[in-house]
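Below you'll find the structure, written out as structure tokens, and then a few comments.
Just so you know, all these numbers are worked out from the coordinates, no wet-lab data involved. Every value quoted in this text rests on a predicted model; they were computed, and no experiment measured them. Note that each Cβ is placed from the backbone with ideal geometry, even for glycine, and that neighbours are counted across all protein chains shown.
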Amino acid sequence: MPKRAIEREFGVPIAGEILEPEQWSQTALKKLPADGLLNADALFARNAPLVLDIGCGNGRFLLGSAVWRREHDHIGIDLLPVVIRYATRRGNQRGLTNLRFAVCDGLRFLQSYAEPHRYTEIHCYHPQPFYDPGQIHRRLITPEFLVLVCRALAPGGSFFVQTDNPGYWRYIRAVVPVFFDFEERAEPWPDSPKGRTRREIIALRRGLPVFRGSGTVKAGLSEPKALQLAQTLPPPVFDADRRLRELDDVEASE
């Protein structure tokens, strides 16, 4: 039997073996519903715990989760078609049937397609800080975004967030605990000590701090109450530290 290929990125293996072509799957979700919510039960032909990765990039985290947690279904979205092409190719080559990738921005997905109270986990790793002052309105993590995350999470579900940008992290620490019982994590996630994402691997290799945390929705927080709280909180206006822009170039090129 031929030896199956293991793919690596920056020397760190990507979960799952590359199978023979006849064993490949189809992980691309090429078309989102024209009108209405995305029915995950119909999409995966079963009812299972559901994981959403917002800004999934090339899919490293979801690939690992889908390989090692076959009892969970996974949806990854990213605004950039090129990274979704990488992600779907890797998912296909590993024969994963519990994984789908789609081109979509996070806010639009939560507003238009996410079933309320359906997602067991929602992950958001290294959201773009947008260094230019004219683009700060594009920053993803806002009080309104967090209200949508609360709505999408199933009871007891968890929100995971991570960044290497100190300014973004200061903002996250200020607003996320308003909606979530939030815990910061000093060390890498135990399933991926060298990094859950491509960006995290780069940051760790360069000795840069990575800020992580997770939490569950506060008990008794209704959507009307969450919306009311969101109106009292500031928008994500912070100094993104342009020196970190170099990592964006490294992430895109290597």
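Observations
- At R0 = 30 Å, FRET efficiency that the Cβ-Cβ distance of D41 and F130 yields, to 0.05: 0.25
- The simple spin-label model puts a point 7 Å past each Cα toward its Cβ; for E20 and H117 those points are separated by 4.8 nm.
- Helix-only mean residue ellipticity at 222 nm for the chain, each DSSP H run of n ≥ 4 adding -39500 (n - 2.57), per residue, nearest 500: -9500 deg cm²/dmol
- Seen through its C-alpha gyration tensor, with square-root eigenvalues sorted a ≥ b ≥ c, the stretch 116-254 comes out oblate because a/c lies at 1.5 or above while a/b is not bigger than b/c.
- Antiparallel DSSP beta bridges within the chain, as percent of all bridges there, nearest 5: 45
- DSSP beta bridge pairing in the stretch 116-254, given as percent antiparallel to the nearest 5: 65
- Cα shape, the chain, gyration tensor, a/c 1.5 rule: oblate
- Spin-label model, R245 to T232: label points 7 Å out along the Cα-to-beta-carbon direction sit 3.7 nm apart.
- Distance in nm between pseudo-label sites at K225 and I6 (7 Å out along the Cβ direction from Cα): 4.9
- Share of pairwise Cα separations in the stretch 72-126, more than 16 Å, in percent: 46
- For E20, E115, E121, order by how many other beta-carbon atoms lie within 10 Å, fewest first: E20, E115, E121
- Restricting the stretch 1-61 to trypsin sites (Lys or Arg not before Pro) in coil, as DSSP defines it, with at most 15 other Cβ within 10 Å: K3, R4, K30, K31, R46
- Values of log10 I(q)/I(0), in the order q = 0.12 Å⁻¹, for the stretch 95-174 under a Debye, Cα-only, solvent-free model: -0.39
- Across the stretch 24-39, rounded Karplus estimates of 3J(HN,Hα) from the backbone phi angles (6.51 cos²θ - 1.76 cosθ + 1.60, θ = phi - 60°) give 5, 10, 10, 9, 7, 9, 6, 9, 7, x, 5, 7, x, 7, 7, 8 Hz, Gly and Pro being marked x.
- Gyration tensor (alpha-carbon) shape descriptor, the stretch 148-229, a/c threshold 1.5: prolate
- Other-chain or far-sequence residues with amide H under 5 Å of L52's (modelled H): I75, E121, I122, H123
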